[in-house]
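A.B. asks: Just dropping this structure here.
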């Protein structure tokens, strides 16, 4: 098979996944093209939970386990932080990376908090209750930029990052963040075999020695063991007994490096942006 044949076959498969010819033109030649169709369900956009990001979501595939009964006694030093407020960091922090899908994913973050609230830790959870679904997922949108920056800061500050892939979602951002932190040595992954890219996730975890489980029931004890391995030591009263850690600041953009951003000279010109149906840079800077 020639390289061109392989490329043609690849394009054909991609076209099928995206529900049509990826090279076909729109009926309105001058209209900006939108590439938002879900490759799994062929929907034009991700379904939005009418109850918001914290609305009730039915666990149709029985992915979660019940909350502890009776409820755990909340530790005095336990903090559950969501954007846009700055997290209150203590001696140990956990970031809940994983499926949100505009509120369509099961409420795994809340259930995890119910199983961990007796520990002296800070949980940073990007699943905020109030989110405007009309926010444009572009860098120039201030709300979107602030949300992504909050997540990047919290990911960097976390002692452990916990990934959960809801098998009924696509979760592209979770896949991206998994790749971003795969080499960090501080992540644990829960991915159900029914997730559409489960094979990719499992192979990545196997290759880089990332702790991996297939169910939420196994995630909870595995996560507790990993946090202990990463420095969460408790005394007989359940209080933090590990090495005191330096206070983590807020608004410092941790992990950001001052580098020569030489590639900026290759960014789109205003003519390029207008051709794509976007605002010129001058308008963005003044808005």
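Just so it is clear, none of the values below were taken in a lab; they were calculated from the coordinates. As the structure is a prediction and not an experimental result, all values here were calculated from the model. Note: ideal-geometry Cβ built from the backbone for every residue, glycine included; neighbour counts use all protein chains shown.
A.B. asks: Given 0.36 nm per residue, what is the gain on full extension from residue 118 to residue 239 after removing their alpha carbon distance, in nm?
C.D. replies: 42.6 nm
A.B. asks: Oh, and also: Quick check on the exposure proxy: order 266, 163 from fewest to most C-beta atoms within 10 angstrom.
C.D. replies: In increasing order of surrounding Cβ atoms, one gets 266, 163.
A.B. asks: Can you sort 214, 146, 99, 69 by how many other beta carbons sit within 10 Å, fewest first?
C.D. replies: Starting with the residue having the fewest Cβ neighbours, the order is 69, 146, 214, 99.
A.B. asks: Please give the contour-minus-distance gain from residue 258 to residue 60: 0.36 nm per residue of separation, less the Cα-Cα distance, rounded to one decimal in nm.
C.D. replies: 66.6 nm
A.B. asks: Let me ask something else about it. Take 276, 186 and order them by how many other Cβ atoms sit within 10 Å, fewest up front.
C.D. replies: 276, 186
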